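Colleague: Before I ask anything, let me first share the structure, which is written out below as structure tokens.
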Amino acid sequence: MAAAPRCSSSAATRPRARTDRLTPPDITAVAAFGTENGTKGGAVGHLGFTADGRWRYVAGVGKASFNLTWYGGTGDGVPFNLDGAFAVADVRRRLGESEWWAACAMSDRP
């Protein structure tokens, strides 16, 4: 009968050293939409990381205008519009080699 393979202490079985952290890729997103009734909107955002993994940042802005109709028990609808915009920013700095972060964030809806 063949012996079952045994794992020895290797990189696959022992925890990675703190310096072996993987840095995620930067992500950028752009979105836009529109409909037949004039509803439209768009947004852009970015999530970034520095090469050493100490800094992380997020920024985004968007705006939309929704043209809607309310049917509240009557045969005729009441048209109305919802307008909105937003902005968001977040910056984080790793504290030493720990898993703790110092952060500054802002969000706004003008």
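Colleague: Considering only the other residues whose Cβ falls under 12 Å of the Cβ of F66, what net charge follows from Lys and Arg at +1 and Asp and Glu at -1? Spell out each step's value before the answer.
Modeller: Details: positive: K40, K63; negative: D83.
Result for the local shell: +1.
Colleague: Turning to a different aspect of this structure: Report ³J(HN,Hα) in whole Hz for each residue of the range 71-81, in order, from the Karplus equation J = 6.51 cos²θ - 1.76 cosθ + 1.60 where θ = phi - 60°; Gly and Pro get x.
Modeller: 10, x, x, 9, x, 8, x, 10, x, 8, 10
Colleague: Could I ask something else about it? Given a Förster distance of 25 Å, report the FRET efficiency between A102 and R21 from their Cβ-Cβ distance, rounded to the nearest 0.05. Spell out each step's value before the answer.
Modeller: Working: r = 17 Å, r/R0 = 0.70.
The pair A102/R21 has a calculated efficiency of 0.90.
Colleague: Using R₀ = 41 Å, calculate the FRET efficiency as 1/(1 + (r/R₀)^6) where r is the Cβ-Cβ separation of T69 and A29; round to 0.05.
Modeller: Numbers: r = 30 Å, r/R0 = 0.74.
FRET efficiency, T69 to A29: 0.85.
Colleague: Next up: Per residue of the range 89-95, in order, report the coupling 6.51 cos²θ - 1.76 cosθ + 1.60 (Karplus, θ = phi - 60°) as ³J(HN,Hα) in whole Hz, putting x for Gly and Pro.
Modeller: 8, 8, 10, 10, 10, 5, 8
Colleague: Cβ neighbours within 10 Å, averaged per peptide: list 38-47, 63-72, 94-103 in order, most packed at the top.
Modeller: 38-47, 63-72, 94-103
Colleague: Cα centroids of the range 51-84 and the range 25-47: how far apart, whole angstrom?
Modeller: 11
Just so you know, all these numbers are worked out from the coordinates, no wet-lab data involved. Model, not experiment: these values are computed from the prediction. Cβ: placed from backbone, ideal geometry, glycine included. Neighbour counts: every protein chain shown.
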